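The values are calculated or read from the model by the stated rules, or taken from the named source; none is laboratory data. Here the structure is a predicted model, which means the values were calculated and not measured. Positions of Cβ are generated from backbone atoms using ideal geometry, with glycine treated the same way; all protein chains shown enter the neighbour counts. SASA here: full protein model, heavy atoms, side chains in, ligands and nucleic acids out. Shrake-Rupley method; radii C 1.70, N 1.55, O 1.52, S 1.80 Å.
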There are 2 protein chains.
Amino acid sequence: MKGKVLLIGAGRSAAALIRFLAEKVRTAHWQVTVSDVSKDFLDKQLAPYPELQAEALDWNPHKMPERFLMSFDVIISLLPPHMHFYVAELCVKHRKHLITASYISPEMAALHQAALDAGVLLLNEMGLDPGIDHMSAMQMMDAIRKEGGRITAFRSYTGGLIAPAYDNNPWHYKFTWNPRNVVLAGQGTPAMYREQGDYKYVPYHQLFKRVQPIHIDGYGEFEAYPNRDSLHYMPLYGLQDVATMLRGTIRRRGFCSAWNCLVQLGLTNDALLIETKNLTWRALVNAFLPYDPQLSVEEKVLRYLQIPAGSHEMHCLQWLGLFEEEPVPAPSAQMTPAALLQLLLEQKWALQAGDRDMIVMQHDIEFELNGKRQREVSELVVEGEANGITAMAKTVGLPLGIAAELLIEGNLSLRGVQAPVHAEIYEPALKRLQSYGIHFKQKKETTAL
Amino acid sequence: MKGKVLLIGAGRSAAALIRFLAEKVRTAHWQVTVSDVSKDFLDKQLAPYPELQAEALDWNPHKMPERFLMSFDVIISLLPPHMHFYVAELCVKHRKHLITASYISPEMAALHQAALDAGVLLLNEMGLDPGIDHMSAMQMMDAIRKEGGRITAFRSYTGGLIAPAYDNNPWHYKFTWNPRNVVLAGQGTPAMYREQGDYKYVPYHQLFKRVQPIHIDGYGEFEAYPNRDSLHYMPLYGLQDVATMLRGTIRRRGFCSAWNCLVQLGLTNDALLIETKNLTWRALVNAFLPYDPQLSVEEKVLRYLQIPAGSHEMHCLQWLGLFEEEPVPAPSAQMTPAALLQLLLEQKWALQAGDRDMIVMQHDIEFELNGKRQREVSELVVEGEANGITAMAKTVGLPLGIAAELLIEGNLSLRGVQAPVHAEIYEPALKRLQSYGIHFKQKKETTAL
């Protein structure tokens, strides 16, 4: 294959992938075009890379530049998830490979046979989470199964955090990714997982109380809360009969108990519209508390949430400024508590110049082999670079670039709608990721059964 | 007007209204037809009343029997709320009056001018709640305002309960109304009210902790939790500037803290689908608890909910059979926790032969008049009859019948889309309700300002 690659989407998360693609132009004579509806994004992201072509184009599903797309071999889409399907349809029609970092939607899955017939690969879930999580977990588990091991427990945790050197607030958290997703995390259907053969369901208002402590060597103490539907991964990973199956989201130790205070108060609610005129943060908090003229807002919070006055949780709430007589920002006359909270957090949890982010992932797998109970723990920590390229951009973008590389080099024969759970992808991809500093550390334990 | 009345809907809640209408045929020469899609309902409900015509007809919105409807003067609709609009359109077209016990939907409200032009009354919210609550509250408040009083606080509570003589379970509750509405009560948008000038919002997971104790003379101790959007009633009641505005749902003292346990566990969730095969009540409860092989399900519940072993709340959970190894009923392969809980409660909270229900309503109004702080409390208690006609059927049905009576007697000149907040309706209607044993008791307090 010639190596004509189109990247659609040049937002902040594309930085590492764009650098990867530019290097391929220089070293492997690829021809790479980056397209985005925003000329600003293109100018900014492509400035260091004159070897890349830029095309400002509107990828709106109703007027996709179909003829333009036809001149490439491999398309990488960083468009919003719901738009991938429209690109995928064109890719099938014109026999182009497509790579995305998004979950396989039902519409995408329905293109499987058409993609097979056209001889193209529609590779999705090829970022960090989903992406590197699939690949590293499947590599561990396939190795265990090859030896004859029977997997009894699979626990996997991922988090996007602030690197330790730049961690300077009591939440030990800053926004390194979409703030709205963080504020609304866990809302909707209860989280589902399996533990020791029992199915477990966690409603939203319990989610941030149901945390699991995690230790990462060299990085200290973390915690994780259950992440949506872990059961969904059982067939994907060939773990239909596994007794324990849990995926979780990693935060620094103490984050969840403080965040739980916001949940319990109702400040993460996204259904209620509140008048923002003359509203202060203190009044917003008070609106969620029972009336009691004898107590201050602070005292009511302590009593309502049953937390002590000097507690870490209260300190976190105070640090956010939630008790200040400061007017809320009011871009709209009516806003939801979640939208208001997001505006506050975007100030308080903003990355400062020079701040670096950090990706943390841990797989914890128990299995029985040779009459022994064994456990393998695999950990990945990636920090952002001094030049501003984030760990998130690297871990999402590099797998996409590497998948394109495998296709162009003719080393990937898989076709149809796929996730990277196959050795043909994960073996070479994980190996190449290592050369970019993305590598897992493994620990093993063995005890008598 | 001649007195040709059509009642659409002959379900269980129509019993008192049907008796009222039959009496009108005998004493006032009305011609009354009752229609329902179910011939069984008609046969059963009309058996004692040969003076009433029965017509089994399908009132599906897409094929309403328009010509049939044309021969009546007043239509009373007990159809499901979303269907009233289609009847209302026909009523406007053919210049018939319509009476319902349902909330005014936006579509219904939009018919106001057309109804005025046609000279017809589309009277809604003419049951118990909404209905008697509007009428009795407005009567109190109009009297206070007429004297020059300034209303500072309006609190109003309503509940459908089991009458004291038949109250024989630790929840002090049985289903006297739609069970699904009880199980899902409070879900959706947070409850909203106003207290001492502050707006208050209560998310679902706090709702059953935010109870207000209530005492009803002669009936003892109750409690109420905030009922949806109380703020909505401020303009309707002319209370735009009132400092306190709260509507609540009444339960017996102790119900809410026990129900809160089900909410906190997640058993009222209606979004999650659970496999019912081989599921027991004990396993269902366990699925919402953290894994801990050292503790029994009971011990985990006590710890998770932070309730003592001998508590009223635990007794209520045990009484429901939630800790039994009994299989759940499984009409479907997958059901939500809320649907399963409803099946259980329908057994445990079923009315037994001879049981009578009870309606409780209380208005608590504070106002300033003649330099004094005054308070008026008005209470209504209605018990079901020995013949099986429920208090719910009486308090929902009789206002509908009385409204028809006022129209037919020419004593109601109001037209357009209306709720019964006008003296022209509530004065005669409340007076006539008294003759059916539906009367409020009033108490007054006066203190120095």
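Select, from A:39, A:96, A:24, the only residue that is farther than 19 Å from residue A:390 by Cβ, in contact (Cβ under 8 Å) with a residue 40 or more places away in the chain and of a type in the set (Lys, Arg). Spell out the reasoning first.
Working: A:39 fails: in contact (Cβ under 8 Å) with a residue 40 or more places away in the chain; A:96 fails: in contact (Cβ under 8 Å) with a residue 40 or more places away in the chain.
Just one listed residue meets the conditions, A:24.
Scan (1) of a type in the set (Gly, Ala, Ser); (2) modelled with pLDDT of 95 or more; (3) open to solvent by 60 Å² or more (accessible area, probe 1.4 Å) for the single condition residue B:448 breaks and write down its number.
(2)
Filtering segment B:196-207 down to residues that are part of a loop (DSSP other than H, G, I, E, B) and at the interface with chain A (Cβ under 7 Å from one of its Cβ atoms), which residue is farthest from residue B:358 (Cα to Cα)? Walk me through how you get there before you give the answer.
Within segment B:196-207, the first condition is being part of a loop (DSSP other than H, G, I, E, B), and the residues that meet it are B:196-197, B:203.
Filter once more, keeping what is at the interface with chain A (Cβ under 7 Å from one of its Cβ atoms): B:196, B:203.
On the way: B:196: 32, B:203: 29 Å.
Filtering first and then ranking leaves B:196.
Looking only at segment A:116-159, how many residues end up being free of Cβ contacts under 8 Å to residues at least 12 places away in the same chain and among the aliphatic types (A, V, I, L, M)?
Here the count works out to 1.
Could you please find all residues in segment A:198-207 being open to solvent by less than 40 Å² (accessible area, probe 1.4 Å) and in contact with a strand residue (DSSP E or B) (Cβ under 8 Å, 6 or more places away or on another chain)? Explain how you work it out, then say what you get.
Step one: filter segment A:198-207 for residues open to solvent by less than 40 Å² (accessible area, probe 1.4 Å), giving A:200-203, A:205-207.
Result: A:200, A:201, A:202, A:207.
Considering every residue within segment B:13-29, establish whether at least one is modelled with pLDDT of 95 or more, among the aromatic types (Phe, Trp, Tyr) and within 23 Å of residue B:393 (Cα to Cα).
Yes, segment B:13-29 contains a residue that is modelled with pLDDT of 95 or more, among the aromatic types (Phe, Trp, Tyr) and within 23 Å of residue B:393 (Cα to Cα).
Is it true that some residue in segment A:379-391 is at positive phi, at pLDDT below 95 and over 18 Å from the mean Cα position of the chain (by Cα)?
First pass over segment A:379-391, keeping only residues at positive phi: A:388.
Among the residues that remain, those that are also at pLDDT below 95 are: A:388.
Checking which are over 18 Å from the mean Cα position of the chain (by Cα) leaves us with A:388.
Yes: one or more hits.
Given the criteria in contact (Cβ under 8 Å) with a residue 24 or more places away in the chain and crowded, with 23+ Cβ neighbours inside 10 Å, does residue A:166 qualify?
On the way: in contact (Cβ under 8 Å) with a residue 24 or more places away in the chain: yes; crowded, with 23+ Cβ neighbours inside 10 Å: no.
No, not satisfied.
Are any residues in segment A:413-438 at negative phi, exposed (fewer than 15 other Cβ atoms within 10 Å of the Cβ) and assigned to a loop (DSSP other than H, G, I, E, B), and if so, which ones?
Across segment A:413-438, the qualifying residues are A:413, A:414, A:435.
Considering only residues that are open to solvent by less than 10 Å² (accessible area, probe 1.4 Å) and of a type in the set (Gly, Ala, Ser), which ones fall in segment B:104-131?
B:115, B:127, B:131
So, residue B:299, is that one in contact (Cβ under 8 Å) with a residue 40 or more places away in the chain, open to solvent by 30 Å² or more (accessible area, probe 1.4 Å) and more than 13 Å from chain A (Cβ to nearest Cβ) or not? Break it down into steps so the answer makes sense when it comes.
Values: in contact (Cβ under 8 Å) with a residue 40 or more places away in the chain: no; open to solvent by 30 Å² or more (accessible area, probe 1.4 Å): yes; more than 13 Å from chain A (Cβ to nearest Cβ): yes.
Spelling it out, it is not the case that residue B:299 is in contact (Cβ under 8 Å) with a residue 40 or more places away in the chain, open to solvent by 30 Å² or more (accessible area, probe 1.4 Å) and more than 13 Å from chain A (Cβ to nearest Cβ).
For segment B:406-449, give me each residue that is charged (D, E, K, R) and farther than 27 Å from residue B:368 by Cβ.
Within segment B:406-449, the first condition is being charged (D, E, K, R), and the residues that meet it are B:409, B:415, B:424, B:427, B:431-432, B:441, B:443-445.
Result: B:409, B:415, B:424, B:431, B:432.
With the structure loaded, tell me whether residue B:182 is of a type in the set (Val, Ile, Thr) and away from every other protein chain (no Cβ under 13 Å) or whether it fails that test. Quick ask: steps written out before the conclusion?
Numbers: of a type in the set (Val, Ile, Thr): yes; away from every other protein chain (no Cβ under 13 Å): yes.
Spelling it out, residue B:182 is indeed of a type in the set (Val, Ile, Thr) and away from every other protein chain (no Cβ under 13 Å).
Among the numbered criteria (1) at the interface with chain B (Cβ under 9 Å from one of its Cβ atoms); (2) within 30 Å of residue B:189 (Cβ to Cβ); (3) open to solvent by 40 Å² or more (accessible area, probe 1.4 Å); (4) not aliphatic (A, V, I, L, M), which one does residue A:210 miss?
Here residue A:210 clears every test but (3).
Which residues, counting only those in segment A:241-276, are within 19 Å of residue A:193 (Cα to Cα), surrounded by fewer than 16 Cβ atoms within 10 Å (Cβ to Cβ) and either among the basic types (Lys, Arg) or within 14 Å of chain B (Cβ to nearest Cβ) (or both)?
Keep residues of segment A:241-276 that are within 19 Å of residue A:193 (Cα to Cα), which gives A:241-251, A:256.
Applying the additional criterion that residues be surrounded by fewer than 16 Cβ atoms within 10 Å (Cβ to Cβ) yields A:241, A:243.
A:243, the sole residue that qualifies.
Mind listing just one residue for me: the one in segment A:132-151 that is of a type in the set (Val, Ile, Thr) and more than 17 Å from the chain's Cα centre (by Cα) and, of those, surrounded by the most Cβ atoms within 10 Å (Cβ to Cβ)?
From segment A:132-151, those of a type in the set (Val, Ile, Thr) are A:132, A:144, A:151; that's our starting set.
From what's left, more than 17 Å from the chain's Cα centre (by Cα): A:144, A:151.
On the way: A:144: 19, A:151: 23.
Once the filter is applied, the top-ranked residue is A:151.
Looking at A:188, A:220, which is the one that is under 22 Å from the mean Cα position of the chain (by Cα), surrounded by fewer than 22 Cβ atoms within 10 Å (Cβ to Cβ) and modelled with pLDDT under 95?
Numbers: A:220 fails: modelled with pLDDT under 95.
Exactly one of A:188, A:220 is under 22 Å from the mean Cα position of the chain (by Cα), surrounded by fewer than 22 Cβ atoms within 10 Å (Cβ to Cβ) and modelled with pLDDT under 95, namely A:188.
I'm trying to understand the selection: among the residues of segment B:360-393, which are in a strand (DSSP E or B) and aliphatic (A, V, I, L, M)? Quick ask: steps written out before the conclusion?
Taking segment B:360-393 first, the residues in a strand (DSSP E or B) are B:360-369, B:372-383.
Correct list: B:360, B:361, B:365, B:369, B:377, B:380, B:381, B:382.
Criterion first (within 12 Å of chain A (Cβ to nearest Cβ), of a type outside the set (A, V, I, L, M) and free of Cβ contacts under 8 Å to residues at least 24 places away in the same chain) does residue B:235 satisfy it? First the steps, then the outcome.
Working: within 12 Å of chain A (Cβ to nearest Cβ): no; of a type outside the set (A, V, I, L, M): yes; free of Cβ contacts under 8 Å to residues at least 24 places away in the same chain: yes.
When the stated conditions are applied, residue B:235 does not pass them.
Which pairs turn up if I take residues in segment B:369-395 that are more than 21 Å from residue B:159 (Cβ to Cβ) and look for partners that are of a type in the set (Phe, Trp, Tyr) and open to solvent by less than 40 Å² (accessible area, probe 1.4 Å) with beta carbon separation below 6 Å, at least 6 apart in sequence or on another chain?
B:374/B:367
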